[in-house]
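S.K.: Below you'll find the structure I mean.
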Amino acid sequence: MVLDSTAIVTGGGRGIGQAICVRLAQKGADVVIADLDSAEMSETKRLVENEGQRALAVETDVTELESVQDTVDTALDEFDEVGILVNNAGIAGPTDPCEEIAQEAWDATTNVNLRGPFFMCREVIPIMKEQGYGRVVNIASVTGKKPLLNRTPYAATKMGLIGFTRTLALEVGEHDINVNAICPGSVDGPRIRGVFEQQAEATGQTYDTVRTEVENQSPRNELVDREDIANTTAYLCSDEASRITGQDINVSAGKVMY
Ligand SMILES: NC(=O)c1ccc[n+]([C@@H]2O[C@H](COP(=O)([O-])OP(=O)(O)OC[C@H]3O[C@@H](n4cnc5c(N)ncnc54)[C@H](O)[C@@H]3O)[C@@H](O)[C@H]2O)c1
């Protein structure tokens with residue numbers, strides 16, 4: 001069973017990544033939390049240890065190959081295996097019309113959202129091949145599929161991550177390594193509430209109007225919780241999902257159906 005091995009979760013210091021760390025620990029995994037921010041990682045570490053699993057917080061910048069190599073080496077030294085890799089670290093990038101986006105903002109977005117998963121897989125796949133098993137879960141977004149106004153860099157990286165997922169799945173399937181993507185819809189939490197507040201201020205609408213408009217994009221009239229993404233991640237790493245690979249699974253309360 002892969003779930004009782006070791007998982008590396010990038011961006012595990014907060015938000016969706018933190019929920020993934022906790023859920024994988026509840027399913028029996030030891031967890032390596034790989035994030036930029038050491039202060040935030042210590043809370044995730046505490047939550048994982050509360051579940052009775054071992055946790056290691058390793059300061060990592062997924063855009064830097066050397067940093068990624070150090071993190072993977074540390075994980076291997078400490079736990080002797082890497083059964084699960086969750087590429088969750090991601091940034092929203094700029095919200096501007098395409099012609100106003102600076103090269104630096106484009107590069108920053110692609111560096112975290114695409115180069116990061118590439119570097120992580122480049123270092124972890126050889127370990128998984130040698131073990132003869134592994135599960136990779138890439139956290140993409142429904143924005144990779146359904147356009148979101150003024151977010152060209154983010155949309156390009158998330159669609160790119162789906163292409164990366166499919167091709168890598170093709171390369172490594174014979175080694176019992178599955179590679180899948182999850183496409184979350186808007187996840188409820190402090191970040192999205194801040195976005196709604198900003199939109200309300202900018203458009204003169206109330207917070208509730210803005211929120212309801214977004215909720216109504218779902219047939220269930222709701223957002224998703226970070227635990228929904230964590231549950232799907234744990235499922236994709238379970239034995240029950242052993243014949244699911246190369247997929248991009250929407251967890252969006254039905255907001256996107258393709
Ligand atoms: N929140 C949403 O509504 C939503 C919707 C769809 C997809 N997603 C995706 O889910 C993932 C997690 O989103 P979130 O909302 O939890 O974000 P968040 O901003 O709350 O957390 C992201 C984490 O990634 C870390 N990180 C950023 N750059 C990094 C780097 N270079 N190296 C290592 N770690 C880095 C941050 O420190 C942070 O802890 C992202 O890939 C995001 O695109 C989020």
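The values are calculated or read from the model by the stated rules, or taken from the named source; none is laboratory data. Bear in mind the structure is a predicted one, so any value in this text is a computation, not a measurement. Please note: Cβ atoms are built from the backbone with ideal geometry, for glycine as well, and neighbour counts cover all protein chains shown. Accessible surface areas use protein heavy atoms only, side chains included; no ligands, DNA or RNA. Shrake-Rupley method; radii C 1.70, N 1.55, O 1.52, S 1.80 Å.
S.K.: So, Tyr235, is that one over 22 Å from Gly28 (Cα atoms) and among the aromatic types (Phe, Trp, Tyr) or not? Walk me through how you get there before you give the answer.
M.R.: On the way: over 22 Å from Gly28 (Cα atoms): no; among the aromatic types (Phe, Trp, Tyr): yes.
No; evaluated as a whole, the condition is false for this residue.
S.K.: Check off (1) modelled with pLDDT of 95 or more; (2) more than 15 Å from the chain's Cα centre (by Cα); (3) within 8 Å of the ligand (Cβ to nearest atom) for Glu40 and give me the number that stays unchecked.
M.R.: The single condition Glu40 does not satisfy is (1).
S.K.: Does Asp96 meet the test of being open to solvent by 20 Å² or more (accessible area, probe 1.4 Å), away from the ligand (no atom under 12 Å from the Cβ), outside any helix (DSSP H, G or I) and more than 16 Å from Thr10 (Cβ to Cβ)?
M.R.: Spelling it out, Asp96 is indeed open to solvent by 20 Å² or more (accessible area, probe 1.4 Å), away from the ligand (no atom under 12 Å from the Cβ), outside any helix (DSSP H, G or I) and more than 16 Å from Thr10 (Cβ to Cβ).
S.K.: Also, I was wondering about something else. Those residues that are within 11 Å of the ligand (Cβ to nearest atom), open to solvent by less than 10 Å² (accessible area, probe 1.4 Å) and of a type outside the set (A, V, I, L, M, F, W, C), I need them from the range 106-140; list them, please.
M.R.: Correct list: Thr109, Asn113, Gly116, Pro117, Asn138.
S.K.: Moving on to the next point. Suppose we keep only residues that are touching a helix residue (DSSP H, G or I) at 6+ places or on another chain (Cβ under 9 Å), small (Gly, Ala, Ser) and not in a strand (DSSP E or B) within the range 161-207. Which one would you say is nearest to the ligand (Cβ to nearest atom)?
M.R.: In this case the residue turns out to be Ser186.
S.K.: May I ask you to verify whether Lys158 is buried (at least 17 other Cβ atoms within 10 Å of the Cβ), within 11 Å of the ligand (Cβ to nearest atom) and assigned to a helix (DSSP H, G or I)?
M.R.: Criteria met by Lys158.
S.K.: For Val68, state whether it is within 12 Å of the ligand (Cβ to nearest atom) and either outside any loop (DSSP other than H, G, I, E, B) or within 17 Å of Thr232 (Cα to Cα) (or both).
M.R.: Working: within 12 Å of the ligand (Cβ to nearest atom): yes; either outside any loop (DSSP other than H, G, I, E, B) or within 17 Å of Thr232 (Cα to Cα) (or both): yes.
So Val68 fits the description; yes.
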